[in-house]
1. Pairs only if they're at least six apart or on different chains, beta carbon under 7 angstrom, first in region 435-446 and under 17 Å from VAL228 (Cα atoms), second open to solvent by 70 Å² or more (accessible area, probe 1.4 Å); list them, first residue then second.
2. For the subset of region 238-260 comprising residues that are among the polar types (S, T, N, Q) and either without any contact (Cβ under 8 Å) to a residue 40 or more places away in the chain or not in a helix (DSSP H, G or I) (or both), which member is surrounded by the fewest Cβ atoms within 10 Å (Cβ to Cβ)?
3. Can you tell which of GLY454, GLY458 is part of a loop (DSSP other than H, G, I, E, B), closer than 21 Å to MET122 by Cα, out of contact with any Lys or Arg (no Cβ under 6 Å at 6 or more places or on another chain) and modelled with pLDDT under 85?
4. I'd like to verify a number: residues in region 342-358 that are surrounded by 14 or more Cβ atoms within 10 Å (Cβ to Cβ) and either hydroxyl-bearing (Ser, Thr, Tyr) or free of Cβ contacts under 8 Å to residues at least 60 places away in the same chain (or both), how many?
5. Give region 284-303 a look and list any residue that's crowded, with 16+ Cβ neighbours inside 10 Å and charged (D, E, K, R), or say none.
6. List the helices (runs of 4 or more DSSP H) that sit entirely inside region 75-175 and contain at least 2 residues that are among the basic types (Lys, Arg) and crowded, with 24+ Cβ neighbours inside 10 Å.
7. Return yes or no: is ALA378 in contact with a Phe, Trp or Tyr (Cβ under 9 Å, 6 or more places away or on another chain), among the aliphatic types (A, V, I, L, M) and in a loop (DSSP other than H, G, I, E, B)?
8. Between a first residue in region 384-398 that is under 14 Å from MET314 (Cα atoms) and a second residue that is buried (at least 24 other Cβ atoms within 10 Å of the Cβ) and of a type in the set (S, T, N, Q), which pairs have beta carbons less than 8 Å apart while being 6 or more apart in sequence or on different chains?
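The values are calculated or read from the model by the stated rules, or taken from the named source; none is laboratory data. Not measured: the values here are computed from a predicted model. We place every Cβ from the backbone using ideal geometry, glycine too, and count neighbours over all the protein chains shown. With ligands, DNA and RNA removed, areas are computed over all heavy atoms of the protein, side chains included. Shrake-Rupley method; radii C 1.70, N 1.55, O 1.52, S 1.80 Å.
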Amino acid sequence: MAPGSASTTETPEISTFKGQEQALRAGRLGTAGLLLSVLAASAPLMVVAGVMPTIFGPMGIVGQPLLYVILGVVLVLFSVGYAEMSRHVHNAGAFYAYIARGLGATAGAGASFVALIAYSAMQVGIYGMFGFEVSGLLQTYAHTEVAWWIPALAAVAVVAVLAWLKIDLNAKVLGVLLLIECALVVIFDFSAFASPAQEGISFHAFNPDTLTGAGLGTALCFCIAAFVGFEQAPVYAEETSRPQIVVRRVMFLAVGFVALFFALSSWAMTVAAGPSAIGEQSGKLGPGLLFALSETTLGKSFTDVLHVLFVTGMFAAMLSFHNVVARYAFAMGREGLLPASFGRTTSASGAPGTGSVLQTVISVVVVIAFAAVDDKPAGDPTVPVLHLFTWMGNIGALGIIVLMAGASIAVIAFFVRRGAAAAQAWRLIAAALSCVALIVIAVYTVKDFDVLVGAGPGSALSWILPAIVGVALVGGLLYGLVLRRARPEVHARIGLGNEAFQLDKAAEEM
């Protein structure tokens with residue numbers, strides 16, 4: 001049997017072939033640890049404080065709560081096929097491994113480059129917002145003026161250290177930060193319903209009529225980006241105790257939690273401010289809306305803690321994305337898409353050390369590059385927030401939307417090629433429906449990219465930034481074609497992950 005058609009009903013146990021350093025440590029994560037790790041990437045407080053006011057204000061979409069419910073349904077449909085695929089393929093390369101197994105190794109190579117660029121961009125972008133917010137906190141509470149890039153680089157260093165440690169320790173750090181910030185947001189939600197604005201507890205935000213307007217397409221892009229994180233569960237499949245069960249369970253729990261949490265929190269904001277006033281207040285206060293509303297009902301001390309948790313929540317998201325990038329690089333190194341050194345883990349913790357170092361270097365270079373061109377006065381958010389955070393975040397979001405659409409197609413192809421279409425019919429229908437919805441969202445994202453990144457009409461950024469994802473895809477596809485012609489044995493490994501080493505071992509023993 002050819003490598004590319006190897007049976008995937010039961011994935012072999014993590015092999016120690018060629019040394020433990022070439023395998024991620026199994027059994028490190030259970031359901032709770034994995035769930036907290038992937039939810040941390042969604043940065044709940046950052047979405048509530050930063051994204052929601054933008055959608056209510058400049059975009060004018062009062063029906064944001066309904067939008068989270070609708071997107072939750074779309075992503076549940078996506079997860080049906082994606083989760084079933086996770087039972088058959090356990091690979092830290094997740095997206096690109098699934099696409100390789102469904103659409104072929106060359107397509108997998110293209111997807112691997114998109115994944116590396118997308119998750120790296122998402123992670124690096126948050127350093128801009130983090131540095132700006134920490135700088136503001138130091139100015140407010142310590143009366144010390146610090147340039148945004150100093151706390152940003154300090155965060156790069158701390159993330160680099162934590163990422164080198166055991167993944168279960170990382171999960172504990174992420175879990176504590178996540179639980180605290182979610183608890184505070186829930187307290188705010190209840191206070192909003194207990195002390196609503198003059199319009200009372202209104203359900204107007206769930207009226208479909210509130211989803212009309214020119215800002216709907218852009219709001220869709222922002223809202224789906226808020227869900228990013230749940231799809232990372234398969235990345236950790238090799239490090240879970242029971243991947244066939246745990247990964248599926250975590251994906252559905254994550255999607256359900258995010259949809260409910262964001263729908264409830266955005267509704268609470270409309271209740272606290274009033275549906276008729278939420279747009280105007282969001283436009284004036286921006287990210288300060290949540291803090292202004294919480295100070296009114298819960299007091300200054302609570303709001304001060306909320307400010308601090310806003311920062312720690314971003315730190316948790318940076319660490320989560322860093323871990324994902326490192327594991328994608330590990331998977332690519334193990335399969336020959338990157339140099340072999342990336343496909344090894346550290347002997348002490350089992351972490352993918354080389355991939356982690358790569359992401360740290362990229363982060364340092366990007367932060368310094370943006371800092372070098374920042375000629376604005378201290379406290380100006382233009383470069384760290386409007387450029388670094390917004391540009392990188394939307395590049396990453398577009399890449400992940402493209403990967404999800406490709407994975408939906410791959411799920412269908414995977415089961416059809418194996419003669420399981422009838423048995424998996426309802427899952428394939430769900431995958432097809434989600435694929436259509438994701439393609440529509442991707443088209444809106446590209447169409448409205450100038451709005452997403454705050455570029456003026458006719459700005460070159462409106463096509464240069466999304467083109468980065470296209471270049472990564474085309475470059476990966478061309479690289480895959482080169483490998484198929486020049487190094488067919490490497491091409492045949494793409495998407496196989498640890499199974500490739502099992503095949504090598506079996507061949508040597510023959």
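1. That search, which allows pairs on different chains as well, returns CYS435/ILE409.
2. SER241
3. GLY454
4. Residues that pass the stated criteria total 8.
5. Result: GLU295, single match.
6. Result: empty, no element qualifies.
7. So ALA378 passes the test.
8. Pairs found: none.
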